[in-house]
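Let me begin by presenting the structure, written as structure tokens, before commenting on it.
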Amino acid sequence: MPDTNPISPAILDVQRLSVHFEVDHRLIQAVNQISFQVKRGQTLGIVGESGSGKSVTALAIMGLVPCPPGKIVGGEIWLQTGDAPPVDLCTLSERQRQTYRGGQVAMIFQEPMSSLNPVYTVGFQMVEAICQHQAVSKEEARRQAIARLQEVKLIPADALLRQELQASHPDWGEAALVEAINQRHQALLNRYPHELSGGQIQRVMIAMAISCNPALLIADEPTTALDVTVQATILDLLRELRDRRGMSLIFITHDLGIIAEIADQVAVMYQGSIVEAGPVWDIFSNPQHPYTKGLLACRPRPDQRLRLLPTVADFMTVESNGSPGTIRERSLDAAALARFAPLSEAELATRAQTLAASAPLLAVENLQVGYPIRGVFGKTRRYLMAVNGVSFQIRQGETFGLVGESGCGKTTLGRALLRLVPALGGKIWFEGRDVLGLNGRQLRQLRRDMQIVFQDPFSSLDPRMSVGAAIAEPLKIHGVINSQRHQRERVAYLLERVGLEPNCMNRFPHEFSGGQRQRICIARALALNPKFIICDESVSALDVSVQAQVLNLLKEIQAEFNLTYIFISHDLAVVKFMSDRIMVMNQGQVEEIGPAEAVYRQPQRPYTQQLINAIPVGSLDRIQELQRHRSLAS
């Protein structure tokens with residue numbers, strides 16, 4: 001039976017929930033006998049790696065588990081809203097479920113772009129959702145859609161719009177003001193999803209989810225693909241909506257740093273089970289389960305510089321003999337503690353002096369890259385400058401961090417260095433060679449020394465090509481190794497060096513996890529023994545534990561092969577862990593350049609400070625501050 005505590009009744013009470021999937025005649029236990037509660041006005045954070053069962057749990061609550069191959073095989077999901085008696089959602093028919101889904105329980109999905117229909121406007125889709133759950137006219141639904149978009153701060157409030165219009169058009173009368181305000185409303189309603197940024201689309205999804213005043217909102221990785229600054233605004237918005245509406249919230253993520261920013265209670269999931277649950281303060285101040293300890297330790301902390309990052313595997317082992325899935329805690333020995341110890345000030349200063357004494361490997365002077373904007377008859381009217389007047393130098397063996405929000409020009413700059421996009425002006429020097437002046441064989445020779453690891457490992461690999469063939473392809477193109485036996489030996493060595501078994505070279509990309517695919521891409525980049533590698537958001541799509549493994553791997557192979565990196569990311573905490581120096585970009589230009597520690601501790605520009613403030617640090621002081629504000633608000 002559900003919780004009937006009259007003081008703090010649970011709006012959602014999940015008891016012994018199990019969900020199975022049958023795939024290729026194999027039974028997979030996606031969710032295994034989990035139980036939890038969400039009380040009114042409370043936020044439950046569900047955290048775990050990919051495949052832990054977080055999203056399947058949310059889909060089960062919503063009644064959206066795809067059947068086949070999935071099926072809820074046991075348990076109860078009790079929902080109690082208002083004064084109505086609690087109802088077990090598992091016992092309802094699909095038609096009965098629809099009266100609750102979207103109305104009493106709403107969900108924000110991880111990929112906002114794929115959640116909206118690209119052929120319909122934002123306004124049409126919001127009006128349709130409101131009419132589906134409320135007996136209102138289309139005009140009233142449109143009015144509600146505008147109100148919800150204003151609530152998520154995507155459309156300014158009418159009073160602000162009126163004030164702005166009166167300031168710019170003091171001679172306008174009331175009718176003209178009302179007409180102009182309506183036009184501003186309609187302008188957003190008439191836009192299509194592709195005309196909005198990632199953060200704007202996520203706000204539309206939040207507006208749509210709250211449009212029917214749900215008692216429970218489920219947010220499934222709503223900030224994963226967003227910049228840290230946009231992520232911070234979305235978290236602020238969800239907190240504000242929760243407190244103002246008295247709404248309960250389930251927030252799903254793989255990042256405990258984000259959980260610290262929003263959750264009251266935390267449930268840690270691993271392989272379909274909840275391995276630890278409790279108040280957010282207890283989970284962060286005194287974690288009990290080794291998996292929780294690993295998740296807390298493996299995210300880079302901007303306030304310290306570790307030699308290497310701990311991973312989940314450093315805290316536990318999973319034994320499959322005798323008792324399948326038995327977790328054993330591992331204690332860190334002295335050698336492990338030394339590996340993960342922070343770098344001292346003296347060590348950082350020595351490395352800085354060593355790099356300063358080496359010659360520049362890459363020099364960029366006043367680089368300009370623009371994308372043409374076409375006018376009539378296809379003629380170029382003007383250029384949208386993605387990189388505008390950028391200059392810097394990188395020394396041999398250095399990791400040069402490049403950080404900024406989406407659209408700041410980071411990726412364009414990286415591709416311009418490799419001549420993957422044309423430059424409009426400036427100079428690029430690599431080992432004294434003018435990169436922009438090279439053509440044909442000279443350019444191909446240069447690319448043996450300059451490689452790139454892209455953001456999405458799946459789209460970087462040909463799905464029809466085995467991973468062994470993908471890694472060997474650069475060797476064939478550049479004629480470095482012609483013998484097939486020697487190519488296989490080289491591929492086997494590279495796979496082993498990035499932590500994969502050599503016997504997997506005949507498998508295909510879809511047979512690997514995201515972290516394994518990124519390791520394959522790193523192996524391919526190393527095939528030609530390059531001197532310089534650009535890592536373009538190479539860990540942003542990975543779980544924090546897998547991210548730690550890949551970051552450690554990049555550091556290890558840098559030391560082994562004396563590589564020089566440009567490390568591109570929107571996450572300043574990750575960039576600071578990897579980098580010797582950091583360059584901050586904004587709107588195609590350089591905001592500031594300096595040693596990583598100096599940029600973090602003494603930023604010279606407000607934009608850099610804004611990026612630092614947006615990092616979810618997950619510290620106990622921050623948790624205490626947020627919980628104090630919660631108690632004062634209630």
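Any idea of the accessible area per residue across the range 562-625, 1.4 Å probe, to the nearest Å²?
Normalised by residue count, the accessible surface of the range 562-625 is 39 Å².
If you wrap a convex hull around the alpha carbons of the range 463-619, what volume per residue comes out, as a whole number of Å³? List each step's numbers first, then the result.
Details: hull volume 21.6 nm³, N = 157.
Here the figure is 138 Å³ per residue.
Diagonalise the Cα gyration tensor of the range 10-104 and give the resulting equivalent ellipsoid semi-axes, square root of 5 times each eigenvalue, largest first, whole Å.
On the way: eigenvalues 108, 52, 24 Å².
Computed over the range 10-104, the values are 23, 16, 11 Å.
In square nanometres, what is the average projected area of the Cα convex hull of the range 595-634?
The directionally averaged projection comes out at 3.7 nm².
What is the Cα coordinate range of the range 427-495 on the first, second and third principal axes, sorted by size from largest, in whole angstrom?
38, 30, 19
Could you state the orientation-averaged shadow area of the convex hull built on the Cα atoms of the chain, in nm² to one decimal?
Taking the Cα atoms of the chain, their convex hull projects to 34.4 nm² on average.
Please give, to one decimal in nm, the separation of the simple spin-label points placed at ARG374 and SER344, each 7 Å out from Cα toward the Cβ.
Reported label-point gap for ARG374 and SER344 is 6.2 nm.
Taking only the alpha-carbon positions of the range 71-142 and ignoring solvent, what does the Debye formula give for the base-10 log of I(q)/I(0) at q = 0.16, 0.25, 0.26 Å⁻¹?
Taking Cα atoms of the range 71-142 as identical point scatterers yields -0.78, -1.18, -1.21.
Summing -39500 (n - 2.57) over the DSSP H runs of n ≥ 4 in the chain and dividing by its residue number, what mean residue ellipticity at 222 nm do you reach, to the nearest 500 deg cm²/dmol?
Taken over the chain, the calculation gives -12000 deg cm²/dmol.
Tally Lys/Arg at +1 and Asp/Glu at -1 over every other residue whose Cβ is under 13 Å from the Cβ of LEU189; what's the total?
In short, +3.
Sorted from largest down, give the three principal axis spans of the alpha carbons of the range 185-288, whole angstrom values.
Per principal axis, max minus min of the Cα coordinates gives 52, 27, 25 Å.
Could you tell me how many degrees, from 0 to 90 and to the nearest 10, lie between the Cα long axis of helix 620-633 and the main elongation axis, the longest principal axis, of the Cα atoms of the chain?
Its long axis makes an angle of about 20 degrees.
Based on the mean of other Cβ atoms within 10 Å per residue, sort peptides 600-607, 452-459, 347-354 so the most packed one is first. Mind showing how you got there, number by number?
Numbers: 600-607: 14.9, 452-459: 18.4, 347-354: 12.9.
Output ranking for 600-607, 452-459, 347-354: 452-459, 600-607, 347-354.
Which three extents, in angstrom, do the Cα atoms of the range 313-455 have along their principal axes, listed largest first?
72, 42, 32
Between rounded, prolate and oblate, where does the range 491-576 land on the alpha carbon gyration tensor, with a ≥ b ≥ c its root eigenvalues, rounded for a/c under 1.5, else prolate if a/b exceeds b/c?
oblate
Under the Karplus relation 6.51 cos²θ - 1.76 cosθ + 1.60, θ = phi - 60°, what is the ordered set of whole-Hz ³J(HN,Hα) values for the range 335-351, x standing for Gly and Pro?
For the range 335-351, the Karplus-derived couplings read 5, 5, 4, 5, 5, 9, 6, x, 6, 7, 4, 5, 5, 5, 5, 5, 5 Hz, x marking Gly and Pro.
To test your reading of the geometry: what angle, between 0 and 90 degrees and rounded to tens, separates the Cα axis of helix 514-526 from the longest principal axis of the chain?
20 degrees
To make sure I understand the rule: partners must be aspartates and glutamates, Cα under 13 Å from the Cα of LYS555, and not fewer than 8 residues away in the same chain. Which ones qualify?
GLU398, ASP580
Report the one residue of LEU160, THR311, GLN134 whose Cα lies farthest in the direction of the positive end of the charge dipole of the chain (charges on C-beta: Lys and Arg +1, Asp and Glu -1; origin at the Cα centre).
Farthest towards the positive pole: THR311.
In the neighborhood of MET585, defined by Cβ-to-Cβ distances under 15 Å, what is the net charge if each Lys or Arg adds +1 and each Asp or Glu adds -1? Before the final figure, lay out each step's value.
Numbers: positive: LYS410, ARG415, ARG581, ARG605; negative: ASP227, GLU405, ASP536, GLU537, ASP571, GLU591, GLU592.
That works out to -3.
Please tell me which of these pairs span more than 26 angstrom C-alpha to C-alpha: LYS54/LYS293; LYS293/LYS576; LYS293/LYS410; LYS531/LYS576; LYS54/LYS410; LYS54/LYS153?
From LYS54/LYS293; LYS293/LYS576; LYS293/LYS410; LYS531/LYS576; LYS54/LYS410; LYS54/LYS153, over 26 Å: LYS293/LYS410; LYS54/LYS410; LYS54/LYS153.
In the range 42-129, what percent of the accessible surface is made up of carbon and sulfur (1.4 Å probe, ligands and nucleic acids excluded)?
With neighbouring chains kept in place, the figure for the range 42-129 is 55 percent.
Let's see if you can work this out: charge +1 on each Lys and Arg Cβ, -1 on each Asp and Glu Cβ, no other charges. What is the dipole magnitude of the range 115-243 about its Cα centre, in debye to the nearest 20?
Working: 11 positive and 16 negative charges, 35 e Å.
About 160 debye.
Find out how many positive minus negative residues lie around ARG339, taking Lys and Arg as positive, Asp and Glu as negative, among other residues whose Cβ is under 15 Å from that of ARG339.
In short, 0.
Taking a temperature of 20 °C and a viscosity of 1.002 mPa s, what whole-number D in µm²/s does Stokes-Einstein yield for the range 165-209 with Rh from Kirkwood over alpha carbon pairs?
173 µm²/s
Using only alpha carbons, build the gyration tensor for the range 110-250 and give me the equivalent ellipsoid semi-axes, biggest first, whole Å. Don't skip to the end; give the middle numbers.
Working: eigenvalues 137, 63, 50 Å².
One finds semi-axes of 26, 18, 16 Å for the range 110-250.
Return the tail of the calculated pair distribution for the range 228-384, meaning the percent of Cα-Cα pairs more than 23 Å apart.
Working: 7734 of 12246 pairs.
Percentage above 23 Å: 63.
With a 10 Å radius around each residue's Cβ, average the other Cβ atoms per peptide and rank 120-126, 514-520, highest first.
Highest to lowest by the protection proxy: 514-520, 120-126.
Taking every alpha carbon pair in the range 557-634, what does the distance histogram look like in 10 angstrom bins from 0, in percent?
The percentages, shortest bin first, are 16, 39, 24, 16, 4, 1.
Distance between Cα centroids, the range 606-622 to the range 515-552: provide it in whole Å.
26 Å
Check LEU361: other-chain or 5+ apart residues with amide H under 5 Å from its amide H, H built from backbone geometry?
ILE394, ARG395, GLN396
The values are calculated or read from the model by the stated rules, or taken from the named source; none is laboratory data. What you see is a predicted model; the values in this text were computed from it and never measured. Note that we place each Cβ from the backbone using ideal geometry, even for glycine, and neighbour counts take in every protein chain shown. The area values use the complete protein model at the heavy-atom level, side chains included, leaving out ligands, DNA and RNA. Shrake-Rupley method; radii C 1.70, N 1.55, O 1.52, S 1.80 Å.
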